[in-house]
Amino acid sequence: MIKIFLLILFFSSFLITEPRLEFDQTALDNYVHSIDGSYEYEVIKKVPGEGFTTYIVNLISQTFLTKKDINRTKWKHWLIIVSPDEIKHTTGMLIIGAGDNDGSIPEGPDQIAVKYAKVTNSVVATLGMVPNQPLTFVGESKPR
């Protein structure tokens, strides 16, 4: 009987504690949740393929720092979306990759993205230039 009482007491102690309704907000939380009016995108080209269509999108995701700090404040990315002719799912896949801002428009999709899209019958997107680079900080001569 004592064991049962102790078990009830132990588990009921969880009911007494208050749930944590708010989380401490860090500087990163504040930055991520702040409104950034620089977000925009433009579909640059549409490339038909065998069983899929690719959309090459010029995406500006955010403004980072200011011209007082860095040479290029708007973060530009190439978003390449592969849409299979037959889509069976409402969710897709996002592949985040590297790369740099050399100014050239991608010719088409990564073949692995095409394979994933066709095999899963879902939209697959690759987001390049993460992190956004190269950047040159004020007072420095070498981009990084």
Net dipole in debye of the stretch 38-127 [+1 Lys, Arg Cβ; -1 Asp, Glu Cβ; about Cα centre; nearest 20]: 260
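Taking only pairs that are 8 or more places apart or on different chains, how many Lys pairs in the stretch 41-80 have Cα atoms under 23 angstrom apart?
Lysine pairs satisfying the spacing and distance rule in the stretch 41-80 number 5.
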Quick one: among Q111, Q25, Q133, which has the greatest mean-square fluctuation in a GNM of the chain with alpha-carbon springs under 10 angstrom? Q25
Per GNM of the chain with C-alpha springs under 10 angstrom, the most fluctuating residue out of L65, L28, L127 is L28
Among (1) 27, 20, 14; (2) 44, 36, 10; (3) 43, 29, 12, find the value of semi-axes √(5λ) of the Cα gyration tensor in Å that was calculated from the structure presented, and write down its label. (3)
Given the options S38, S104, S122, which has the most mean-square fluctuation in a GNM of the chain, springs set between C-alpha atoms less than 10 angstrom apart? S104
Length released on extending from I60 to Q111, taking residue separation times 0.36 nm less the Cα-Cα span: 15.9 nm
So if we plug the beta-carbon distance of V47 and R72 into 1/(1 + (r/R0)^6) with R0 = 30 Å, what FRET efficiency do we get, rounded to 0.05? 0.65
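Coordinate-derived values only; no laboratory data. In this text, all values refer to a predicted model and were calculated from it rather than measured experimentally. In this analysis, Cβ positions are derived from the backbone assuming ideal geometry, glycine residues included, and neighbour counts consider all displayed protein chains.
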